[in-house]
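Right, one structure below, let's go through it.
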């Protein structure tokens with residue numbers, strides 16, 4: 001079980017590094033799309049380095065008038 005935890009930590013750190021290399025943190029504007037894309041990049045971890053480039057599109061409903 002310990003090795004599984006370390007593998008998960010290494011997986012997420014690799015995803016965080018990939019997001020940093022793509023400058024997602026520097027251009028973060030707080031939008032749902034940017035937040036989801038960063039989360040997907042973290043979740044895909046090392047797969048980012050073999051060509052996976054996750055992105056998300058969020059549509060937040062507008063309040064009624």
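The values are calculated or read from the model by the stated rules, or taken from the named source; none is laboratory data. Remember, it's a predicted structure, so these values are computed and weren't measured experimentally. Cβ: placed from backbone, ideal geometry, glycine included. Neighbour counts: every protein chain shown.
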statement: Here the qualifying pairs (Cβ atoms under 6 Å; residues six or more apart or on different chains; first in region 1-13 and closer than 8 Å to residue 45 by Cα; second surrounded by 11 or more Cβ atoms within 10 Å (Cβ to Cβ)) come out as 11/45; 12/42
- prompt: All but one of (1) part of a helix (DSSP H, G or I); (2) at pLDDT 90 or above; (3) surrounded by fewer than 10 Cβ atoms within 10 Å (Cβ to Cβ) hold for residue 9; which doesn't?
  reply: (3)
- line: Residues of region 12-26 being in a loop (DSSP other than H, G, I, E, B) and surrounded by fewer than 16 Cβ atoms within 10 Å (Cβ to Cβ), in sequence order, are 22, 23, 25, 26
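Taking region 52-63 as the region of interest, how many residues are exposed (fewer than 12 other Cβ atoms within 10 Å of the Cβ) and closer than 14 Å to residue 21 by Cβ? Before the answer, list the steps.
Our first condition is that a residue be exposed (fewer than 12 other Cβ atoms within 10 Å of the Cβ); within region 52-63, this holds for 55, 57-63.
Of the ones still in play, those that are also closer than 14 Å to residue 21 by Cβ are none.
Summing the residues that are exposed (fewer than 12 other Cβ atoms within 10 Å of the Cβ) and closer than 14 Å to residue 21 by Cβ in region 52-63 gives 0.
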message: Here is a check on your reading of the model: is residue 49 assigned to a loop (DSSP other than H, G, I, E, B) and out of contact with any strand residue (DSSP E or B) (no Cβ under 9 Å at 6 or more places or on another chain)?
response: no
- prompt: Can residue 63 be described as in a loop (DSSP other than H, G, I, E, B) and without any contact (Cβ under 8 Å) to a residue 12 or more places away in the chain?
  reply: yes
